[in-house]
Every structure is written in C-alpha cells, then in structure tokens.
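All remarks here apply to the structure that follows.
We did not get these values from a lab; they are worked out from the coordinates using the rules stated. Everything quoted here is computed from the prediction, not taken from an experiment. Backbone-built Cβ (ideal geometry, glycine too); neighbour counts: all protein chains shown.
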Amino acid sequence: MKICIVGASGKLGKYMVQHALDRGYEVVGVCREKSVPKLDAFKDRITILPGPTNDRELIQKAVQGCDGVLTVLAPWGVHDYASGTAQAVLDYAQPGARLIFSCGWHITRDGQDVYSTLFKVLVAIIGFIVRLVRLVDLNDQVEACRRIFDSDTRWTVVRGSDLEEGPSQGLPVWSHHVGDPILKSNLTRRIDFALFMVEALTNDDLIHEAPAIVGCKTASALEHAGVTVQ
Ligand SMILES: NC(=O)c1ccc[n+]([C@@H]2O[C@H](COP(=O)([O-])OP(=O)(O)OC[C@H]3O[C@@H](n4cnc5c(N)ncnc54)[C@H](OP(=O)(O)O)[C@@H]3O)[C@@H](O)[C@H]2O)c1
C-alpha cells in the first residue's frame, strides 16, 4: 500500500506517518518547506515533497500511484488554503483511491448535528476573531468539505472532537451526528484521531461517511458500551 499524507509535519500528520509506517505502508509526505525538519525522525523511511499543500502541481506529483491519501484540512489564512488543498487532492488522486480528510465537529454534512449553545457561541466568536486578524478562515474548511461531500471519489471526512495529547487508548468510536450521546465527552487523544484516519483507509464501511469521533475510553463512550463509570 502506498499512501500520501498531506500536512505530514503537523501534530496529527506525524502521528499518521508513524501509524502508516507501523503498517508497512510506503509513505509520501507533503509539508511546507520550513517544516521539513519536523519530519527528521522519519526522513530515511518516507519521501518528503516540500511546498504549500494547496500547490496543485505538487499535490499532483505527490498523490501519483497512491492507493490512499490522508489530508489534514487546515484553513490557514484567508486565501482558501483548505479548499485549495482539498480540490487538488480530489482532482489528482488516482481513480478509486481512498481519500481521508480531517476536520472538526463544526463541519456538518446533512445539517442534522446538534450543537450546544456554548459550542455555537465559541465557534462564532473564535471564527470571527481569527478571520478578523486574517489568521484562519473557518468557512474555508466548510467550503473544502462541501466540495468533498459533492465529490464522487471514495472519500471519508473524519470530524475530530476536542483533542488532547497522551498515549494511545485505542481506536476512537464514532457516530453520525454531533449531539449523539456516545460523543458527549468531546475528547479524543490526537494519536488516536490519527489512528482512525489511517484505519479508515482500509475500512470501506466509512466510504461517503463523515464520522464524528470520540475517545474509546471516555465516559460517554464507555457508558454507551454498557461499562459502568465510577
Ligand atoms: N486542534 C484541535 O483541537 C482540533 C479539534 C478537532 C479537529 N481538529 C482537526 O485536526 C486536524 C489537525 O489539527 P491540529 O490542531 O492537530 O494541528 P496540526 O496537526 O498541527 O495541523 C496543522 C497543519 O496546519 C499547517 N500549518 C500551520 N500553520 C500554517 C500556516 N500558517 N500556513 C499553512 N499551513 C500551516 C501545519 O503544517 P506545518 O507543520 O508546516 O506547520 C499542519 O499541517 C485539522 O484538520 C483540524 O481541523 C483539530
């Protein structure tokens, strides 16, 4: 299995590289030129293509011959970085390749997600401030996902909860809609978010799904599984 990881040098990306290498996959990583040193630990085991992830020519080269593409959707700046990245992957991945994208819970596929008032207020306020200072454009990630949902490629959009660092607890559990009781704890280890992304490459049940994930050891996940939490 040969895969491409777009955004390989980030926190999520590096965990995905490790999980992919653990499975014996051949890995091509794309990251910004200045971030290449962040991948030093893997430099003898993966191919690194430096450059902006929305560079269409770079993505075309990177995804060539790949059976799967893992893409970190990062809506940096106000120039359609995430949607440009997503579009390039959708356009150039080889037909039939599994395409897995990361985003947050704020993305909704069918409008059936139920968000708390606090969540909606935080997304609105933080989204407004980061857009005002031209740092991040959350709407760009929304646009990226709209294009993915409309695509007839073999996509999965993995929607991450709040994240924390720490050793792996195992594969996160998921549900179709934010607001489902199993997701109530709203916390996932970043290493396990990466695990879910890599596992999705070989899980055809997740094709054309937008799973919202939560850590498998969180209170809400355990409660759903019938485990009594002290
Ligand atoms: N953070 C959370 O709490 C959270 C919660 C739910 C879902 N998510 C999702 O999880 C994914 C990973 O997020 P993360 O927070 O864990 O961060 P991350 O893995 O470190 O990813 C951030 C990515 O953005 C790139 N980046 C950073 N600054 C940039 C800039 N100015 N211009 C262009 N690219 C830049 C990074 O590349 P470099 O290595 O080059 O800097 C990296 O590829 C995202 O899809 C996010 O939507 C995050």
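Please give the FRET efficiency for Ser116 paired with Val78, using the beta carbon to beta carbon distance and R0 = 45 Å, rounded to the nearest 0.05. Don't skip to the answer; put the middle values down first.
Values: r = 28 Å, r/R0 = 0.62.
With a Förster radius of 45 Å, E is 0.95.
Tell me, Leu132, Leu21 in order of fewest to most beta-carbon neighbours within 10 Å?
Values: Leu132 9, Leu21 14.
Lowest to highest Cβ neighbour count: Leu132, Leu21.
Connecting C-alpha atoms closer than 10 Å in a GNM of the chain, tell me which of Ile125, Ile46, Ile100 has the biggest fluctuation.
Judging by the Gaussian network model, the answer is Ile125.
Within segment 170-211, name every residue whose backbone N is under 20 Å away from a label modeled 7 Å from Cα of Arg147 along the Cβ vector.
Flagged as within label range: 208-210.
Would you mind ranking Val136, Val30 so that the residue whose beta carbon has the fewest other beta carbons within 10 Å leads the list? Kindly include the intermediate steps, with their values, before the conclusion.
Numbers: Val136 20, Val30 30.
Fewest-to-most Cβ neighbours within 10 Å comes out as Val136, Val30.
Select from segment 127-170 those GluC sites (Glu not before Pro) which occupy a DSSP coil region and have at most 14 other Cβ atoms within 10 Å, ordered by residue number.
Details: sites: Glu143, Glu164, Glu165; in loops: Glu165.
Of the GluC sites (Glu not before Pro), the ones in loops of segment 127-170 whose Cβ has at most 14 other Cβ atoms within 10 Å are Glu165.
How big is the charge dipole of segment 2-224 about its Cα centre, in debye rounded to the nearest 20, if each Lys and Arg gets +1 on its Cβ and each Asp and Glu gets -1 on its Cβ? Kindly include the intermediate steps, with their values, before the conclusion.
Values: 24 positive and 27 negative charges, 107 e Å.
So the dipole magnitude of segment 2-224 works out to roughly 520 debye.
For the pairs Lys11/Lys34; Lys43/Lys217; Lys38/Lys120, flag any whose C-alpha to C-alpha distance is greater than 22 Å. Before the final figure, lay out each step's value.
Numbers: Lys11/Lys34 15 Å; Lys43/Lys217 33 Å; Lys38/Lys120 34 Å.
Table pairs above 22 Å Cα-Cα are Lys43/Lys217; Lys38/Lys120.
Run lengths n ≥ 4 of DSSP H only: what is the helix-derived mean residue ellipticity at 222 nm for the chain, with -39500 (n - 2.57) per run over all residues, to the nearest 500?
On the way: 7 runs with 77 residues, N = 230.
Helix-only estimate at 222 nm: -10000 deg cm²/dmol.
With the chain treated as a Gaussian network of Cα nodes joined by springs under 10 Å, which of Val121, Val142, Val63 yields the largest mean-square fluctuation?
Among Val121, Val142, Val63, the largest GNM mean-square fluctuation belongs to Val121.
For segment 2-224, what is the convex hull volume of its Cα atoms per residue in Å³?
Details: hull volume 25.7 nm³, N = 223.
In segment 2-224, the Cα convex hull volume per residue is 115 Å³.
Among Asp137, Asp110, rank each residue by its count of other Cβ atoms within 10 Å, from fewest to most, as a rough exposure measure.
On the way: Asp137 21, Asp110 9.
Going from sparsest to densest Cβ surroundings: Asp110, Asp137.
Please report the antiparallel percentage of DSSP beta bridges with both residues in the chain, rounded to the nearest 5.
Values: 4 of 33 bridges.
In the chain, DSSP labels about 10 percent of beta bridges as antiparallel.
Within straight cross-link reach of Lys61, meaning Cα distance under 20 Å, which aspartates and glutamates are found once same-chain residues fewer than 8 apart are removed?
Filter leaves Glu26, Glu33, Asp44, Asp91.
Ranked from highest to lowest mean number of other Cβ atoms within 10 Å per residue, what is the order of the peptides 75-81, 88-94, 190-196, 39-45?
Numbers: 75-81: 17.4, 88-94: 21.0, 190-196: 23.4, 39-45: 12.6.
Taking the mean over residues of other Cβ atoms within 10 Å, the ranking is 190-196, 88-94, 75-81, 39-45.
Quick one: Kirkwood hydrodynamic radius for segment 7-60, alpha-carbon pairs, angstrom, one decimal? Provide the component values of the computation, followed by the final result.
Details: mean 1/r = 0.0901 Å⁻¹.
11.1 Å is the Kirkwood radius here.
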